[in-house]
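Read the figures in this text as sums done on the coordinates, not as results from a lab. Everything numeric in this text was worked out from a predicted model, so none of it was measured. Quick reminder, even Gly has a Cβ in these numbers, built from the backbone with ideal geometry, and neighbours come from all protein chains shown.
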Number of protein chains: 2
Amino acid sequence: MKDTTAADRSATDGGRAPVVAIIGLGLIGGSLGLALKRPTPGDAGPMVVGWDQDRRAGDRALQRDAIDALAADAADAAARADAVVVAVPVLAVREIFEQIAPALRPGAFVTDVASTKAEVCAWAAASLGNAFIGGHPMAGSERGGIDQARSDLFDGATYCLTPELSTPAHVLQRATRFVQDVGARVVTMSPTAHDRAVAAVSHLPFLLSTSLVDVTMSDPEWEAFRMLAATGFRDVSRLASGDPRMHHDICVTNADAIRPWLLRAARSLEALAAMLDDGDAVLQLFERAKHDRDAFLEETGRLSNMGE
Amino acid sequence: MKDTTAADRSATDGGRAPVVAIIGLGLIGGSLGLALKRPTPGDAGPMVVGWDQDRRAGDRALQRDAIDALAADAADAAARADAVVVAVPVLAVREIFEQIAPALRPGAFVTDVASTKAEVCAWAAASLGNAFIGGHPMAGSERGGIDQARSDLFDGATYCLTPELSTPAHVLQRATRFVQDVGARVVTMSPTAHDRAVAAVSHLPFLLSTSLVDVTMSDPEWEAFRMLAATGFRDVSRLASGDPRMHHDICVTNADAIRPWLLRAARSLEALAAMLDDGDAVLQLFERAKHDRDAFLEETGRLSNMGE
């Protein structure tokens, strides 16, 4: 991988530093910039050009050294770059693809960071063709914005790339190198497999968290309930504090994958309600869930920095 | 409150240090002992006598200085004490009450730490009469046992006491002082109000967490899903790693309060599934949930050390 990338780099304009364009300078875009610009021995690192529709976010990204230069618009950023990262909300991605398509340099590749991939990849196929590969860093926070950006946000995190049959090998290779450069571990999966997986392990947890808040905090007795709410309620409800617009976009673009999970969870809760008087069945379920969850945690702890 | 307690203390055998008996030396019992035995300027603190059916837990509690002395059995511990804390699993509480009832010193009071209160208080009324007041510290961890015990487990935590109409004022006062001595904040509530509240803010979150693990990790595609599971899945699934036996006991003793919450959550998930194509409704729900949860967190952060 390193050899290929070295060849890529020398293939750019006479040995100049590679240029990465980051379009959208929120938590993810800003953190990508900060991660790319961390000092690395013997490697000057890329030049990072950024743009955000919110001028203040762009200024703040410059101030925080998340980018080296602010572009005039998305097309201007893309026109200068060997690698373009589109880090805007899902529903804004399509328009950005259309804006940057005519400006792309020959050989440049484009990736995105959206939480759903099938629709995004279909949009990209229409405007960007083979230059695109979908991406999704499995890192974030319920607190968004450039001020929350951190250079270590992706360290040890899983970063999913979603190549398709039509994706050229060199695009996958260069995107892989980009992911490693920001500190993350690559996992590859088709766009639809990705969307089924995140519906289960990301969108369903968010919706369970939101349902918990919705049913308990709307109760007339909430003021009494609240006094006894402790870390369990806080942790399970945490995702409900996430960005409503981002989660809206996720639900709209991944509804077909999410819906069956909501119904399965509803059936599971009904089964639990019917089972509460059967102590043995309840105990067995809780023991199996603990066993599975502990195994997940142990395996995850070995693979990444995501341990507790 | 302090005056009353000072009077209480001098009322014990000629000014000897008050004796607290802790029956059950797991995470909660052990942490109560460690908290009581923290050095306090100008106050020698109580003598703590402990007992656990597992001899190793008792030895470990002595080793860790969570107790000053190990009793021969539950009745022996109670016979020496001015205050008796029963910190065993819910379904073991009743038998302990019956064992200690004949041994209690005149004027001694008994409290427990079980997660459900209506059944426990009914058992206590039968065997301990007016000497009892229910208690429930809203602190804990999914990792139990004396080795996990911490002197600061209750610092700033809410500690619910559940007096009834028949509870003498001096029992409530002395239990309140006990709670303050371990670093917690007292909230009082009737046993049934307590059980409704914890069904909503503690048992429902646990069951949502368990359902999440149950439906996702049993899926044939789990190995692919797992690769994309990040902090969101980890946090919402955390409670599923809790002690199955403890949660079994909770469900069995609080089934009637829990069942309606499971059904409300199931209805909420079904409504969400039906609503996914209606972007405006989805956005409104997410915005309201974020607003409510952020407000909860802010208020909680002001009131205790439970901030994020």
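Hey, with R₀ at 45 Å, roughly what FRET efficiency would A:A274 and A:A17 work out to, going by the Cβ-Cβ distance, to 0.05? Walk me through the numbers on the way to the answer.
Details: r = 63 Å, r/R0 = 1.41.
Efficiency, from the Cβ-Cβ distance: 0.10.
Using a Gaussian network model of chain A whose springs link C-alpha atoms within less than 10 Å, name the residue from A:D280, A:D181, A:D243 with the highest mean-square fluctuation.
Answer for the Gaussian network model of chain A: A:D280.
How many nm separate the modelled label positions at A:D73 and B:Q63, each set 7 Å beyond the Cα in the direction of the Cβ?
Once both label points are built, they end up 7.1 nm from each other.
Amide H to amide H, which residues 5 or more places from A:C160 or on other chains are under 5 Å from it, using H placed in the peptide plane?
A:H136, A:M138, A:V187
Placing a label point 7 Å from Cα toward Cβ, how far apart in nm is B:P168 from its equivalents in the other copies, listed shortest first to one decimal?
Its label point is 8.8 nm from the equivalent points in the other copies.
Tell me, what HN-Hα J-couplings in whole Hz come from the Karplus equation 6.51 cos²θ - 1.76 cosθ + 1.60 at θ = phi - 60° for each residue of the range B:182-198, using x for Gly and Pro?
Listing the rounded values in order: 8, x, 9, 10, 7, 10, 10, 7, 5, x, 6, 5, 4, 5, 5, 5, 6 Hz.
Identify which of A:G42, A:G144, A:G129 has the largest mean-square fluctuation in a Gaussian network model of chain A, with springs joining Cα atoms closer than 10 Å.
Result: A:G42 has the largest fluctuation of those listed.
Going down the table (B:K37/B:K290; A:K290/B:K290; A:K37/A:K290; A:K290/B:K37), which pairs top 31 Å between alpha carbons? Could the numbers behind the result be given before it?
Numbers: B:K37/B:K290 41 Å; A:K290/B:K290 29 Å; A:K37/A:K290 41 Å; A:K290/B:K37 33 Å.
Flagged as over cut-off: B:K37/B:K290; A:K37/A:K290; A:K290/B:K37.
Taking the 0 to 90 degree range and rounding to the nearest ten, how far is the long axis of helix A:255-275 tilted relative to the main principal axis of chain A, both from C-alpha atoms?
Long axis of A:255-275 versus the principal axis of chain A: about 20 degrees.
Rank A:R226, A:R264, A:R234 by mean-square fluctuation in a GNM of chain A with C-alpha springs under 10 angstrom and give only the top-ranked residue.
Evaluated over chain A, the most mobile residue of the options is A:R226.
What is the sum of charges, Lys and Arg at +1 and Asp and Glu at -1, for the other residues whose Cβ falls under 9 Å from the Cβ of A:V213? Intermediate results must be reported in sequence, preceding the final value.
Working: positive: B:R288, B:K290, B:R293; negative: A:D214, B:D292.
The answer is +1.
Angle between the Cα long axis of helix A:118-127 and the longest principal axis of chain A, 0 to 90 degrees, nearest 10?
With rounding to tens, the tilt is 20 degrees.
Calculate the spin-label point distance for B:S190 paired with A:D155, positioning each point 7 Å from the Cα along the beta-carbon direction, and give it in nanometres.
So the two model labels end up 5.4 nm from each other.
Per residue, how big is the convex hull around the C-alpha atoms of chain A? Give it to me in cubic angstrom, could you? Don't skip to the end; give the middle numbers.
Numbers: hull volume 48.2 nm³, N = 308.
With only Cα atoms used, chain A gives 157 Å³ per residue.
Which value in deg cm²/dmol, rounded to the nearest 500, describes the helix-derived mean residue ellipticity at 222 nm for the protein assembly as shown, given -39,500 (n - 2.57) per DSSP H run of n ≥ 4 and division by the residue count? Write down the numbers at each step before the final one.
On the way: 28 runs with 320 residues, N = 616.
My calculation for the protein assembly as shown gives -16000 deg cm²/dmol from helical runs alone.
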